[in-house]
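To start, the structure itself, in structure tokens.
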Amino acid sequence: MKYLTFTIIFVLLGLLHSFAQTTEKGRIQGILMDETTGETLVGVHIVIEETQTGTVTDSNGKFVIENLPKGKYTLILTFIGYAKKRIENLELAVNQTLKVGQIKLSEEAFSLNQVTVTPGSFSIMGTKIASRQTLASKDIKNMSWAEDITRAVARLPGVSSSDYSSKFTVRGGEADEVLITLDGMELYEPFHQRDYSGGLFSIVDIETIEGIELMTGGFSADYGNRLSGVFNMQTKKIKDDEKHTSVGLSVMNARVYTDGTFADNKGSYIFSARRGMLDAVFKILGETESVPTFYDAMAKVSYQLGDKHNLSAYVLQSGDKTKIRDIAEENFDKNDTKYSNTYAWLALNSYHTPHLFSRTLLYSGLVKHDRNGSFFKYEPTDKGTFTLTDKRDYSLFGVKQDWNWQISNNLLLKSGFEAKQIKADYNYFRELHEIRVNSNQELFDYDKITEIELHPSGQQIGIYLTSRFKVLPKLIAETGLRFDYTSYSNDQNVSPRISLAYAFGKNTFLRGAWGYYYQSQFINNLDVNNGITDFNTAELAKHYVLSFEHLFNNGINFRAEAYYKDLSNISPQWQNMRDHLEIFPEARNDNARIIYNGSASKGIELFLKYDKGEKISWWLSYALAKAEDDIKDIEFDGLLTKVTGKVPRLNDQRHTVYADVNYRLNKKWHFNLSWQYYKGWPRTDYTYDYKILPNGQYHFYQIHKEFNGTLYPAYHRMDLRINRHFKTPKNKNITAFLHLVNVYNRENLKKFDLDVTDDEGNLTLNNEGNYVPFEDNKYWFGFLPVIGASWAF
């Protein structure tokens with residue numbers, strides 16, 4: 001309650017101050033026309049550069065921007081098929097209606113590079129014109145979890161994640177099926193605190209990012225070795241004679257960022273460093289059982305080598321540690337994990353002619369993974385000991401080159417190759433001794449020692465060629481062919497792909513795609529945890545995608561997409577039936593090996609966005625989806641109702657809704673209200689039975705019901721974020737935010753969990769000696785206030 005009281009006071013004071021300043025405002029109005037035909041233009045975006053607010057022209061080509069204080073303004077006008085235009089030095093007086101009259105835009109020949117042929121493509125931030133941006137910079141920086149760029153994409157249809165995880169999945173796939181790149185460099189483990197649902201935060205600071213391209217299916221032959229999607233990040237381009245520095249602090253992290261130019265603007269630099277604050281927060285709250293720490297740093301230096309070449313050097317480093325201590329009088333559970341990522345690369349961008357461009361990368365990387373754990377337990381449900389040492393390193397170096405050649409307005413060719421040498425080192429030891437039950441309901445002593453040392457190495461080579469061309473004046477096709485070779489798994493795969501885009505008009509598009517998408521097993525992803533020492537052959541996904549997009553005259557962008565993804569040659573996987581997010585899955589007695597005939601996911605996705613640059617904007621996404629495994633067999637020597645045939649995948653999320661509303665009261669205040677809902681994921685229910693050991697002790701064992709046969713309850717949550725921007729006398733900007741997670745404190749079930757003792761430690765047996773289930777469930781975020789501030793100068 002005290003947090004809500006504080007919020008109300010915080011908001012009311014700001015609103016009173018702001019409303020006191022809303023009098024004596026002026027307006028700017030005008031009309032947009034085609035320079036050649038004189039026709040009025042509908043749906044042109046007009047943005048005021050100084051405030052980043054604006055509007056779009058109505059059905060008569062007219063626009064009005066109201067509630068502007070006295071001052072000097074610049075208008076930026078953008079429209080598909082027309083040259084961008086700036087109108088500068090507009091002087092607005094108090095209470096004035098400034099009429100700029102007729103503004104004429106000239107048509108420009110579009111480049112095939114600017115056409116989006118691939119369905120399932122989302123432009124986030126970046127420099128595209130406003131009507132073609134799915135989420136703009138101002139949206140990202142003011143929404144829930146604005147500090148983490150990868151969390152923002154969870155709002156888009158076809159994407160799903162959890163409260164704890166920044167890692168996301170696409171259309172029922174796995175998280176590692178998404179290719180993540182930074183300025184062309186592939187990032188292999190780009191998340192902090194991977195022990196928490198796969199990763200709490202991205203290792204890339206949002207302050208370094210200018211634009212993102214997300215592709216959720218049907219992507220072109222440029223991209224290989226991924227089954228489901230692509231997430232491309234581009235760093236900022238620093239303008240001449242500009243320099244920016246900012247520092248920030250929140251309960252999540254402390255950070256510093258700076259950029260600028262040197263050598264008469266021939267060179268530029270970016271530097272970012274962050275240090276997690278969760279360990280300090282946990283200590284303040286008295287939480288000492290789990291102590292997570294992390295950091296990351298990135299540096300980029302670019303230099304212009306003449307008129308045609310630009311060379312950039314990058315370094316990205318991140319590290320994580322987690323220490324867990326659960327020590328009781330007779331039991332202990334100790335976990336220590338450490339992870340690190342180091343990437344260094346050179347990128348040469350060459351503009352050989354106005355129509356011929358190439359990018360060359362020379363890179364290296366090192367990913368380190370260190371897990372150590374042990375326990376001793378003598379409890380009603382667990383009796384045994386466990387010791388684990390798991391150290392693995394993954395190193396790589398390689399070269400990559402892409403060529404882009406627009407031969408004419410009707411033909412664009414793209415080609416490229418990548419070759420890399422990779423090596424992994426595994427040093428794995430596990431010793432487990434405990435009491436288990438077999439499928440005949442007999443208790444036995446389970447003793448397992450696994451010791452594996454491996455040093456696999458090999459090469460990966462990828463080559464592609466694509467052509468984009470006009471079939472008809474309004475129909476554009478892109479065809480591509482890709483070849484991928486992986487030596488250590490002996491994969492030699494050819495991937496044909498094709499996409500089509502038809503423009504009914506400047507604001508209406510139909511897109512479709514089909515293609516083969518192979519993914520070879522990563523060299524550092526051998527399942528040595530379960531004694532596997534051989535690599536599997538590549539998995540295959542066939543994509544079928546159809547998309548329709550229309551931009552209405554009132555500023556609403558509508559998009560509908562249907563997809564079908566057919567997966568085959570799926571490698572057997574181990575799944576913990578009661579807790580698939582366990583840090584040490586090999587220590588659990590519910591680990592089953594799943595053998596597949598295949599898998600499939602299909603769905604229909606809708607996306608609506610309204611943003612004319614005015615005070616209120618919103619977006620809404622809905623997905624009706626189905627992801628199923630076709631199970632051939634389940635290997636598990638325990639008590640389980642096994643099933644074969646069609647079974648929901650763990651990532652099956654049948655109905656999903658995301659809704660955001662933004663209210664920009666003025667330049668100082670920004671409010672974001674977001675709501676999300678999804679149908680619960682599948683789980684395997686269980687109960688307990690028991691036997692009495694020779695020493696008179698009870699031993700309870702799990703009886704698992706139908707595999708993935710039950711759904712978790714539906715999940716929903718509302719967040720509120722309030723941003724307040726201050727400008728100091730010396731032109732420095734301070735931004736403070738208050739983020740209220742789960743405003744109505746919904747209990748969303750994270751893990752269905754049963755215990756055999758109650759809160760007082762008594763066995764839950766009735767008078768007849770039968771077990772009575774006692775639920776000890778785990779939940780996602782409850783009501784949680786998060787505060788932070790940044791200072792930019």
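The values are calculated or read from the model by the stated rules, or taken from the named source; none is laboratory data. Nothing here was measured: the structure is a model prediction, and the numbers come from that model. All Cβ positions, glycine included, derive from the backbone under ideal geometry; neighbour counts span all protein chains shown. Ligands, DNA and RNA are stripped out before the accessible areas are found, and what is left, the full protein with its side chains, is counted by its heavy atoms. Shrake-Rupley method; radii C 1.70, N 1.55, O 1.52, S 1.80 Å.
Checking the a/c ratio against 1.5 first, then a/b against b/c, what shape does the Cα gyration tensor give for the range 375-457? Present the calculation step by step, with values, prior to reporting the outcome.
Details: a/c = 5.12, a/b = 2.88, b/c = 1.78.
Since a/c reaches 1.5 and a/b is larger than b/c, the shape of the range 375-457 is classed as prolate.
Using only the heavy atoms of the protein chains and a 1.4 Å probe, how would TRP514, TRP405 rank by accessible area, largest first?
I get TRP405, TRP514, largest accessible area first.
Rounded to whole Hz and in sequence order, give me ³J(HN,Hα) for the range 756-764 from the Karplus expression 6.51 cos²θ - 1.76 cosθ + 1.60, θ = phi - 60°, writing x for Gly and Pro.
Whole-Hz 3J(HN,Hα) from phi for the range 756-764: 10, 10, 8, 5, 8, x, 8, 4, 8.
Relative contact order for the range 684-756: what percent, with Cα pairs under 8 Å and sequence separation of 6 or more?
Computed over the range 684-756, the figure is 27 percent.
Which whole-number percent gives the relative contact order of the range 431-487, counting Cα pairs below 8 Å spaced six or more residues apart? Walk me through the numbers on the way to the answer.
Working: 69 pairs, mean separation 15.4, N = 57.
It rounds to 27 percent for the range 431-487.
Multiply the residue separation of ILE407 and TYR188 by 0.36 nm, subtract the distance between their alpha-carbon atoms, and state the gained length in nm to one decimal.
Gain on extension, ILE407 to TYR188, equals 75.4 nm.
Would you kindly derive the ³J(HN,Hα) couplings of the range 150-156 from the backbone phi angles with the Karplus curve 6.51 cos²θ - 1.76 cosθ + 1.60 (θ = phi - 60°), listing them in order in whole Hz, with x for Gly and Pro?
Going residue by residue, I get 6, 6, 5, 5, 5, 6, 8 Hz, with x marking Gly and Pro.
Quote the accessible area belonging to HIS655 in square angstrom, nearest 10, computed with a 1.4 Å probe and with ligands, DNA and RNA left uncounted.
Surface open to solvent at HIS655 totals about 60 Å².
Work through the residues other than GLU628 whose Cβ is under 14 Å from its Cβ and net out their charges, Lys, Arg +1 and Asp, Glu -1. Don't skip to the end; give the middle numbers.
Numbers: positive: ARG171, LYS565, LYS602, LYS626, LYS632, LYS646, ARG649, ARG654; negative: ASP566, ASP629, ASP630, ASP652.
Charge balance in the 14 Å sphere: +4.
Kindly express, to the nearest 10 degrees and within the range 0 to 90, the angle between helix 2-19's C-alpha long axis and the longest C-alpha principal axis of the chain.
0
Run the simple label-point estimate for THR533 and PHE469 please: 7 Å along Cα→C-beta, distance reported in nm.
5.3
Let me check against my output: what whole-number percent is the relative contact order of the chain, with C-alpha pairs under 8 Å and at least 6 apart?
Over the chain, the number comes to 9 percent.
Going from most exposed to least, what order do THR293, THR387, THR36 have by accessible area with a 1.4 Å probe?
Most to least solvent-accessible, the answer reads THR36, THR387, THR293.
Using protein chains only and a probe of 1.4 angstrom, how many square angstrom of TYR339 are accessible, to the nearest 10?
20
Could you compute the FRET efficiency for ALA273 and ASN427, with r as their C-beta to C-beta distance and R0 at 25 Å, rounded to 0.05?
0.20
Would you calculate a helix-derived [θ] at 222 nm for the chain, using -39,500 (n - 2.57) for each DSSP H run of n ≥ 4 and dividing by the full residue count, to the nearest 500?
Per the formula, -1000 deg cm²/dmol.
Please give the FRET efficiency for HIS655 paired with LYS632, using the beta carbon to beta carbon distance and R0 = 25 Å, rounded to the nearest 0.05.
0.30
Around PHE444, under 14 Å between beta carbons, what's the net of Lys plus Arg minus Asp minus Glu among the other residues?
-1
Separation of the range 517-566 and the range 229-268 by C-alpha centroid, Å?
If we compute the Cα centre of each part, the gap is 31 Å.
Once label points are set 7 Å from the Cα along Cα→Cβ at both LYS642 and TRP514, what is their separation, rounded to one decimal in nm?
So the two model labels end up 3.8 nm from each other.
Scan around GLY184 for amide H atoms under 5 Å from its own, H built in the peptide plane at 1.01 Å from N, and keep only partners 5 or more places away or cross-chain.
MET233
Loop-only GluC sites (Glu not before Pro) in the range 320-426, please: DSSP not H, G, I, E or B, and at most 13 other Cβ atoms within 10 Å. Let's see the in-between values first.
Working: sites: GLU329, GLU330, GLU418; in loops: GLU329, GLU330.
Listed in order of number, the matching sites are GLU329, GLU330.
Straight-line reach from LYS448: which lysines fall under 16 Å, measuring Cα to Cα and dropping same-chain residues less than 8 apart?
Once the sequence-local lysines are set aside, what remains near LYS448 is LYS383.
With every protein chain left in place, what is the accessible area of GLU107 in Å² (1.4 Å probe, nearest 10)?
We get 110 Å² for GLU107.
The range 33-109: which trypsin sites (Lys or Arg not before Pro) are DSSP loop and have at most 14 other beta-carbon atoms within 10 angstrom?
LYS70, LYS84
Amide H neighbours of TYR82 under 5 Å, at least 5 residues apart or on other chains, H built in the peptide plane: list them.
Answer set, sorted by chain and number: GLU108.
If you rank TRP681, TRP669 by how much accessible surface each has, with a 1.4 Å probe, what is the order from largest down?
I get TRP681, TRP669, largest accessible area first.
For the range 604-669 and the range 42-110, what is the centre-to-centre distance using only Cα atoms, to the nearest Å?
37
How much accessible area per residue does the chain have, counting only protein heavy atoms and a probe of 1.4 Å, in square angstrom? Don't jump to the answer; show the numbers that get you there.
Details: 34830 Å² over 793 residues.
In whole numbers, the chain has 44 Å² accessible per residue.
Using amide H atoms built 1.01 Å from N in the peptide plane, name the residues 5+ places from LEU41, or on other chains, whose amide H lies under 5 Å from its own.
Correct list: LEU32, MET33, ASP34.
Please turn the phi angles of the range 592-604 into ³J(HN,Hα) values with the Karplus equation 6.51 cos²θ - 1.76 cosθ + 1.60 (θ = phi - 60°), one per residue in order, whole Hz, x for glycine and proline.
10, 9, 9, 10, 10, 7, x, 8, 8, 9, 8, x, 10
So between TYR351 and VAL64, what do we pick up on full extension, going 0.36 nm a residue minus the alpha carbon distance?
Difference between extended and current length: 99.2 nm.
Could you tell me the center-to-center distance, by alpha carbons, between the range 417-461 and the range 682-744 in angstrom?
29
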